[in-house]
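Notes for the one structure printed next.
The values are calculated or read from the model by the stated rules, or taken from the named source; none is laboratory data. Just so it is clear, the structure is predicted and the values come from calculations on it, not from any experiment. Heads up, the Cβs are rebuilt from the backbone with ideal geometry, glycines too, and the neighbour counts pull from every protein chain shown. These accessible areas exclude ligands, DNA and RNA; they are computed on the full protein's heavy atoms, side chains included. Shrake-Rupley method; radii C 1.70, N 1.55, O 1.52, S 1.80 Å.
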Protein chains: 2
Amino acid sequence: MAHIKLNNENLPGIVGLLDYSPATAAPLLDLANTLLQDDSTLTRAEREIIAASVSYKNGCHFCHTSHAAAAMAHAGADISIIDDIKKGLPETEVSPKLRSLLEIAHHVQQGGKKVTPEDIQAARATGATDKEIHDTVLIAAAFCMYNRYVDGLGTWAPVPNEAYVEMGKKMAFQGYGMSVPQE
Amino acid sequence: MAHIKLNNENLPGIVGLLDYSPATAAPLLDLANTLLQDDSTLTRAEREIIAASVSYKNGCHFCHTSHAAAAMAHAGADISIIDDIKKGLPETEVSPKLRSLLEIAHHVQQGGKKVTPEDIQAARATGATDKEIHDTVLIAAAFCMYNRYVDGLGTWAPVPNEAYVEMGKKMAFQGYGMSVPQE
């Protein structure tokens, strides 16, 4: 049970919080849509992988698994990608550019100052643009927020990966504006 | 110099980033306004103190000092409050409620799962409502994002506290929608 009394305790993870606080839900969902759904030279699957990987490193099961399931839906991947993200994607075909951006994202997860000029140079060497580096840093930073919101208020989350497959499809194909259940 | 080529390298901290990426600036500023400026049973000074204290713990000089300066403006406090926040506010009159909420915020800064049921009970014992606990967790989480955005992209920041006094006044009295310089 969450640390505070939500309006609907059946809603897991961030969903119950967005329902509890519509005033903050609006910019939180708008930010997720802008970072993860809007047109970008990073594919939606790549951006969801960055989100899921940072969430895993923050220990946020709900965000890791739901965003990994969204990456799975975008990439047409097998459900095994959810656990593969935990392991650093040894089994998934990942471009050198995405590998270098994940390195930056993981440093952001540890703290902004952990990002080094060498990280940036390495990403540029794989063809990453300034905009892609910017977006990677902000996606990683944003998930350091979402993860802390979800776990800092003690929300519940379904355990098995399979429970997230439908949610991932909805996130992938309907975007984040639709994630708050309508009465 | 920032890790990426900004449009205007004279703009410090998050200001240069908001100018670089207007699409993400909109929800980021909307969130700051909602959390820090909109009506709440937590005063604006209290919320800026939470933001500044979390930013200090994340090692983000720009965010700590600018939000401490905003707290200073709201509270009509002396400039010494900027450094007092670093020390845990020994010299500033702080209600037991705000002290207990700062404890929660500092745990959120370490990670969402660091918030304990005892933290929540302690805050409730000082009269904190569920909404105030919710907002504290989200302010702390949001500054874990803003801080990583600012430092993860290697932006520059003025050093002396005095350089932030005017900025703090603008933040306090004009809100965050006005923080992006208009051409």
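Quick look at the values:
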item: Residues of segment B:50-71 satisfying the condition of being part of a helix (DSSP H, G or I) and out of contact with any His (no Cβ under 8 Å at 6 or more places or on another chain); result: B:I50, B:H61, B:F62, B:C63, B:H64, B:T65, B:S66, B:H67, B:A68, B:A69, B:A70, B:A71
item: Segment A:91-111, residues that are touching a Gly at 6+ places or on another chain (Cβ under 6 Å) and open to solvent by less than 10 Å² (accessible area, probe 1.4 Å); result: A:V108
item: Pairs with Cβ under 9 Å, 6+ apart, first in segment A:51-68 and under 19 Å from A:V15 (Cβ atoms) and without any contact (Cβ under 8 Å) to a residue 40 or more places away in the chain, second assigned to a helix (DSSP H, G or I) and aromatic (F, W, Y); result: A:A52/A:F143; A:H64/A:Y56
item: Enumerated helices (runs of 4 or more DSSP H) restricted to segment B:76-183, each holding at least 3 residues that are acidic (D, E) and in contact (Cβ under 8 Å) with a residue 40 or more places away in the chain; result: B:130-152
item: Members of segment A:141-180 that are closer than 19 Å to B:N58 by Cα and in contact with a Phe, Trp or Tyr (Cβ under 9 Å, 6 or more places away or on another chain); result: A:A141, A:A142, A:M145, A:N147, A:D151
item: Qualifying positions in segment B:28-45 - in a helix (DSSP H, G or I) and either under 10 Å from the mean Cα position of the chain (by Cα) or within 12 Å of another protein chain (Cβ to nearest Cβ) (or both); result: B:L28, B:L29, B:D30, B:L31, B:A32, B:N33, B:T34, B:L35, B:L36
item: Test for B:V159: is it farther than 29 Å from A:D119 by Cβ, surrounded by fewer than 22 Cβ atoms within 10 Å (Cβ to Cβ) and more than 10 Å from chain A (Cβ to nearest Cβ); result: no
item: Candidates A:A128, A:A122 - the one that is over 30 Å from A:A163 (Cα atoms) and surrounded by fewer than 18 Cβ atoms within 10 Å (Cβ to Cβ); result: A:A122
item: Search result, residues across segment B:112-139 that are under 25 Å from B:L29 (Cα atoms), at the interface with chain A (Cβ under 7 Å from one of its Cβ atoms) and out of contact with any Phe, Trp or Tyr (no Cβ under 6 Å at 6 or more places or on another chain); result: B:G112, B:D130, B:I133, B:H134, B:V137
item: Sole exception among (1) open to solvent by less than 30 Å² (accessible area, probe 1.4 Å); (2) of a type outside the set (A, V, I, L, M, F, W, C); (3) at pLDDT below 95 for A:P181, by number; result: (1)
item: Filtered residue count, segment A:1-55, keeping only those that are β-branched (V, I, T) and open to solvent by 40 Å² or more (accessible area, probe 1.4 Å); result: 2
item: Qualifying residue in segment B:67-75 (condition: open to solvent by 10 Å² or more (accessible area, probe 1.4 Å) and either within 14 Å of chain A (Cβ to nearest Cβ) or of a type in the set (D, E) (or both)); result: no
item: Residue within segment A:77-87 that is within 20 Å of A:D135 (Cα to Cα) and within 13 Å of chain B (Cβ to nearest Cβ) present; result: no
item: Total residues in segment B:9-27, condition more than 21 Å from A:D39 (Cβ to Cβ) and either at the interface with another protein chain (Cβ under 10 Å from one of its Cβ atoms) or assigned to a helix (DSSP H, G or I) (or both); result: 4
